[in-house]
Each structure stands twice: as structure tokens, then as C-alpha cells.
Amino acid sequence: MAERTPAEQALARSYTTGDGSTRFAVADLSVEPRPGGAAVLAYRLTVERPGREDERWAVTLPWEDSSFADVLASPAPDPERLRQLVHLVHALLEEWWDTKGHNRQSAKMGHRLP
């Protein structure tokens, strides 16, 4: 198995939302490069919220922004651009989580695991 890039390592770290209400515990991440600098980010994660039962999910985020292709592939990406990428992907995960119950496109991106 190939060594993960710094971007893949950063995107595979668990994190808590800014308001502290939700933790995304990442169990696995795979990054599948696509033509033109796009990628598919496939997560397996557990969503943890105080006072609620944890939920395990598989989520696939299509990443169409080719301007970050160099950051995803680089063995030494610019630290500021790496922070931007991580922030944007976390925002996408949080948007998916918040909208999956009433947005068909978001709902198609993930499924609950047993």
C-alpha cells in the first residue's frame, strides 16, 4: 500500500465541529484521483454527538476543485493551502451531515452502516 500524502493524512484525522456539537471520528479515508485534477474522497466515519447514540456512516464526497490537485498529490504541500483544503472538506462533511435528511443529493452521498 502506498504511503499517504500529507493531505490524505490531514483529511483522515478525526475532528470536532467549531461549536463542539458533533465529532467526526474518521475510521478510514480513501482518495481516488480522477481526470483533470478532480478526486473522490470516500470516508468511513462515526458521528458522535453528546446525549445521542453514535452513528457509523460511509460517505463519498466528489471533489471537483482541480485547483487543489497539487495539494492532494504533493509530498510537501504549502501549509496554508493544506489548511484551506482541510477546512473546505470539513465544511462539505458538515453540510452533508446537516442536509442529508432533506436534500436528495446529499442523501445519495452517504449511507448508514450497521
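Just a few scattered comments:
- Annotation: of all residues in the stretch 12-49 being outside any strand (DSSP E or B) and hydroxyl-bearing (Ser, Thr, Tyr), the one that is nearest to the chain's Cα centre (by Cα) is Ser14.
- Flag if Leu82 is more than 17 Å from Ala42 (Cβ to Cβ), within 15 Å of the chain's Cα centre (by Cα) and of a type in the set (A, V, I, L, M): yes
- Annotation note: of Val40, Val47, Val26, Val71, the sole residue that is touching a Lys or Arg at 6+ places or on another chain (Cβ under 8 Å), loosely packed, with under 15 Cβ neighbours inside 10 Å and under 18 Å from Arg13 (Cα atoms) is Val40.
- Count - residues of the stretch 1-60 that are under 26 Å from Pro75 (Cβ atoms) and of a type in the set (Ser, Thr, Tyr): 6
- Given (1) under 16 Å from Tyr15 (Cα atoms); (2) surrounded by 11 or more Cβ atoms within 10 Å (Cβ to Cβ); (3) without any contact (Cβ under 8 Å) to a residue 40 or more places away in the chain, index of the condition Asp54 fails: (2)
We did not get these values from a lab; they are worked out from the coordinates using the rules stated. Remember, it's a predicted structure, so these values are computed and weren't measured experimentally. Please note: Cβ atoms are built from the backbone with ideal geometry, for glycine as well, and neighbour counts cover all protein chains shown.
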